[in-house]
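Okay, structure first, notes after.
The values are calculated or read from the model by the stated rules, or taken from the named source; none is laboratory data. All of these numbers come straight from a predicted model, not from anything done at the bench. Neighbour counts are summed over all protein chains in view; Cβ atoms, including those assigned to glycine, are modelled from backbone coordinates with ideal geometry.
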Amino acid sequence: MGEMVSSGRTTVERRSDRELVVTRTFDAPARLVFDAWTRPELFRQWWAPKSSPVPLLSCEMDVRTGGGYRLAFGQDAANSMAFFGRYLDVSPPARLVWTNEESTDAAVTTVTFEEGEGRTRLVLQERYPSKQAVDEACAGMEGAMPEQFAQLDALLVTLVHS
């Protein structure tokens, strides 16, 4: 445990056999960072890594406790892969918790937004049902999250200055 990978300002840490934690500080207030996670028109601008050959085709979000989400990735609707689940806790602009229901090995994700001096420390924690599930997720997150968060940084710059 305690394996940590840092890429610039993004840190991916394996805290236990079933838990993965990603942290990053953004130069924007928590309400803007929270909006980027909860408003589909903003979320779709940064969530899919631009280096990925699989684009985000659709983004449906009913961001409220008990609401749901569905993200579809692929070249077209016939060849797409969906990620979906339910929001367990939506507490603007401090916390989001959701399920990932696309597989039996999927995680429950908690994202917290801690503001201080106009900056926001974001902590994304994923709890998996097994060590094997976290092993599979870890490799993907170490590559994707730093790029996604760099894209979020770029979006936040435009939001802060608009």
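Tabulated values for the structure
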{"item": "Candidates D89, D105, filtered to the one that is touching a Ser or Thr at 6+ places or on another chain (Cβ under 7 Å) and exposed (fewer than 14 other Cβ atoms within 10 Å of the Cβ)", "result": "D89"}
{"item": "Of all residues making up region 92-132, the number that are closer than 10 Å to A30 by Cβ, touching a residue at least 40 places away in the same chain (Cβ under 8 Å) and part of a strand (DSSP E or B)", "result": "7"}
{"item": "Among (1) without any contact (Cβ under 8 Å) to a residue 60 or more places away in the chain; (2) closer than 19 Å to L20 by Cα; (3) surrounded by fewer than 13 Cβ atoms within 10 Å (Cβ to Cβ) - the single one F83 does not satisfy", "result": "(3)"}
{"item": "Matching residues, region 5-22, being buried (at least 19 other Cβ atoms within 10 Å of the Cβ) and either under 25 Å from A72 (Cα atoms) or among the β-branched types (V, I, T) (or both)", "result": "T10, V12, L20, V22"}
{"item": "Conditions (1) modelled with pLDDT under 95; (2) surrounded by fewer than 16 Cβ atoms within 10 Å (Cβ to Cβ); number of the one not met by R121", "result": "(1)"}
{"item": "Some residue of region 124-137 being modelled with pLDDT under 90, under 15 Å from the mean Cα position of the chain (by Cα) and within 16 Å of R18 (Cα to Cα)", "result": "yes"}
{"item": "Single match in V63, V111 (criterion: touching a Ser or Thr at 6+ places or on another chain (Cβ under 6 Å), among the β-branched types (V, I, T), buried (at least 17 other Cβ atoms within 10 Å of the Cβ) and at pLDDT 90 or above)", "result": "V63"}
{"item": "Within region 15-81, strands (runs of 3 or more DSSP E) holding 1 or more residues that are touching a strand residue (DSSP E or B) at 6+ places or on another chain (Cβ under 6 Å) and within 15 Å of L159 (Cα to Cα)", "result": "19-26"}
{"item": "Tabulated pairs, region 137-151, first under 16 Å from A36 (Cβ atoms), second aliphatic (A, V, I, L, M), C-beta under 9 angstrom, 6+ apart or interchain", "result": "M145/V12; M145/V22; M145/L124; Q148/A48; F149/V22; F149/L122; Q151/A48"}
